[in-house]
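Participant: Below: one structure in structure tokens.
The values are calculated or read from the model by the stated rules, or taken from the named source; none is laboratory data. From a predicted model like this one, the values you see are computed outputs, not experimental measurements. When we count neighbours, we look across all protein chains shown, and the Cβ atoms used for this are built from the backbone with ideal geometry, even at glycine. Protein only, heavy atoms only, side chains kept; ligands, DNA and RNA dropped before computing areas. Shrake-Rupley method; radii C 1.70, N 1.55, O 1.52, S 1.80 Å.
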Amino acid sequence: MLTRTPSADDRRVQDFCRRVAPEARPRLLEITPDPQSLPQECFPNVARKVEFEGGRIVFGWAVWEWPGVYIEAEHHAVYENPEGAWIDNTPSPSNDITHRLFVRDDSAIYDFNNEGIRRDNQRQALARDPLIQAFFDSAKEYNKAMDRLPGFGDIQVSGAVARRIQALQMENARLTMQLAMKYTPRNARCFCGSGRKFKQCHGHPGLRT
């Protein structure tokens, strides 16, 4: 996991959140998924909880940080129970992440009747590096390509469309690897998940790929 939950007290994070949702303040929420909740499916997760328990859905953004590289806002939703408490019931992308930074944005609604279309992430670079901008551009192109697909789930597409999406996926993976190699501190855990320090894994001169 290259990104992490940032601190709500970080000035750069606060400035970024004001740009994303000027009227709201970020809130750090403990991740407490329901047994039936699925990762990366926050909107149906919350809608299901509202259906069975009342309350309502709160739209906004989950905020992530890749230290030294970028801050990112991902379209997200949390549950507000009948007493007014907010609950983030969508499982974490990593066992190491127990909280999610959330900023409310009432304009960031989700179209349940057109679930194949999702808002693109908002990003801010933390370094002046053309490689970061190249990653942003590639990620945006991938989102555009996915939004052009008819519907979601298992769908049939032409060979040209499939090749385009595959090429964008490979480009995103290549740029992510280059960023990871460049910005992972030597004594940090390696981004590959081996558990070893970066300098003893992908960062070792004899093991660089």
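Participant: Roughly speaking, what is the stretch gain from Arg186 to Phe52, that is 0.36 nm per residue apart minus the C-alpha to C-alpha distance, in nm to one decimal?
Facilitator: 43.4 nm
Participant: Related question: Do the sum for the chain: with -39,500 (n - 2.57) for every DSSP H run of n ≥ 4, divided by all residues, what is the mean residue ellipticity at 222 nm, to the nearest 500 deg cm²/dmol?
Facilitator: Value at 222 nm, helices only: -10500 deg cm²/dmol.
Participant: With angles folded into 0 to 90 degrees, how steeply does helix 11-20 sit against the dominant principal axis of the chain? Use alpha carbons for both and round to 10.
Facilitator: Orientation of helix 11-20: about 60 degrees from the principal axis.
Participant: Further, regarding this structure: Cα axis of helix 159-183 to longest principal axis of the chain: angle in degrees, 0 to 90, nearest 10?
Facilitator: In the chain, helix 159-183 runs at an angle near 70 degrees to the longest axis.
Participant: Given Cβ point charges of +1 (Lys, Arg) and -1 (Asp, Glu) and nothing else, what value in debye, to the nearest 20, does the dipole of the chain about its Cα centre take?
Facilitator: 1240
Participant: Hey, how many Å between the Cα centroid of the stretch 101-137 and the Cα centroid of the stretch 1-67?
Facilitator: Between the Cα centre of the stretch 101-137 and that of the stretch 1-67, the gap is 13 Å.
Participant: For a label point 7 Å from the Cα of His99 along Cα→C-beta, name the residues of the stretch 1-23 whose backbone N is under 12 Å from it.
Facilitator: Answer for the stretch 1-23: 5-10.
Participant: Going 7 Å from the Cα of Arg27 in the Cα-to-Cβ direction, what parts of the stretch 35-67 have a backbone nitrogen less than 18 Å from that spot?
Facilitator: 42-43, 46-47, 49-50, 54-64
Participant: Same structure, new question: In degrees between 0 and 90, to the nearest 10, how far off the longest principal axis of the chain does helix 130-147 point, with axes built from Cα atoms?
Facilitator: 40
Participant: Still on this structure, please answer the following. Quick check of the Kirkwood formula: for the stretch 1-107, what is the inverse mean of 1/r over all pairs of different Cα atoms, in Å?
Facilitator: Kirkwood radius, the stretch 1-107: 14.0 Å.
Participant: Please list, or write none, the aspartates and glutamates whose alpha carbon is within less than 15 Å of the alpha carbon of Lys182, excluding same-chain residues fewer than 8 places away.
Facilitator: Straight-distance partners of Lys182: Asp129.
Participant: Carbon and sulfur together cover what percent of the accessible area of the chain at a 1.4 Å probe radius?
Facilitator: Heavy-atom surface of the chain belonging to carbon and sulfur, 1.4 Å probe: 50 percent.
Participant: Can you work out the FRET efficiency for the pair Gln36 and Arg196, with r the C-beta to C-beta distance and R0 = 45 Å, to the nearest 0.05?
Facilitator: E between Gln36 and Arg196, to the nearest 0.05, is 0.80.
Participant: Picking from Ala62, Ala125, Ser94, whose Cα lies most toward the positive end of the charge dipole for the stretch 23-150 (charges on Cβ: Lys, Arg +1; Asp, Glu -1)?
Facilitator: Ranked along the dipole, the leading option is Ala125.
Participant: Choose one of Ser37, Ile109, Ala21: the residue whose Cα lies farthest towards the positive end of the charge dipole of the chain (beta-carbon charges +1 Lys, Arg; -1 Asp, Glu; about the Cα centre).
Facilitator: Checking the options against the dipole of the chain, the answer is Ala21.
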